[in-house]
Amino acid sequence: MGRVLISRMRDDQIEIYLRDLKPIKFTEHTVTDTGRLRQIFAQTRRLGYSAVVDELDYGITALAVPITDQSGRVVAAVNTSGYSGKLPIDQLIDSRLNDLRIAASRIGQIFTRYPVLLHSIAPANISAAGNK
């Protein structure tokens, strides 16, 4: 979900995030190169979703999409995951992306109807401070 949130930040905010980032390599598949991360954030922004395989832990395939408020500002993200040994990433995307986007849209509509709920979530302004 982090890639979805970060990808929707302004480019200057992404640069600050990457400058301060102290990446942790959880698995051999974890992307830690800042140049590659820039590309991933741009791709995520363009596609409107992020998909990862075995990056946070072995055996986890995950797919995330943004949740937006009525102005289109990303306020949160929602994800789904599966066991990477049985659920290839293309199958996860094909089988769940549309439903995940519908769920994100419905959650966004709830935030529009009940804006006070936005106070219960942290801003999507990601700080690299937690990564130091």
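The values are calculated or read from the model by the stated rules, or taken from the named source; none is laboratory data. Everything quoted here is computed from the prediction, not taken from an experiment. Positions of Cβ are backbone-derived with ideal geometry, glycine not excepted, and every protein chain shown enters the neighbour counts.
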- Tell me, yes or no, whether region 52-63 has at least one residue that is among the β-branched types (V, I, T), more than 29 Å from I110 (Cβ to Cβ) and surrounded by 13 or more Cβ atoms within 10 Å (Cβ to Cβ). yes
- In region 8-44, what count of residues is obtained for those that are β-branched (V, I, T), within 22 Å of N79 (Cα to Cα) and either surrounded by 14 or more Cβ atoms within 10 Å (Cβ to Cβ) or in contact (Cβ under 8 Å) with a residue 40 or more places away in the chain (or both)? 6
- Message: Given (1) surrounded by fewer than 17 Cβ atoms within 10 Å (Cβ to Cβ); (2) over 17 Å from the mean Cα position of the chain (by Cα); (3) in contact (Cβ under 8 Å) with a residue 24 or more places away in the chain, identify the lone condition not met by S84.
- Response: (1)
- Item | Qualifying residue in region 50-65 (condition: of a type in the set (S, T, N, Q) and under 19 Å from R3 (Cβ atoms)) | yes
- Query: Can you name every residue in region 60-100 that is in a helix (DSSP H, G or I) and either under 11 Å from Y49 (Cβ atoms) or among the aliphatic types (A, V, I, L, M) (or both)?
  - Reply: I89, L92, I93, R96, L97, N98, L100
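Here is a yes/no grid of residues against (1) β-branched (V, I, T); (2) over 26 Å from L37 (Cα atoms); (3) in contact with a Cys (Cβ under 8 Å, 6 or more places away or on another chain); (4) at pLDDT 95 or above:
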position	(1), (2), (3), (4)
G82	no, no, no, no
D94	no, no, no, yes
L100	no, no, no, yes
Q109	no, yes, no, no
P115	no, yes, no, no
A122	no, no, no, no
S127	no, no, no, no
- Message: Within region 101-111, does at least one residue satisfy the condition of being free of Cβ contacts under 8 Å to residues at least 12 places away in the same chain, closer than 13 Å to R3 by Cα and surrounded by fewer than 16 Cβ atoms within 10 Å (Cβ to Cβ)?
- Response: no
- Message: Step by step: first the residues of region 65-81, then only those that are closer than 22 Å to R10 by Cα and of a type in the set (G, A, S), then the one that is surrounded by the most Cβ atoms within 10 Å (Cβ to Cβ). Which residue is that?
- Response: A77
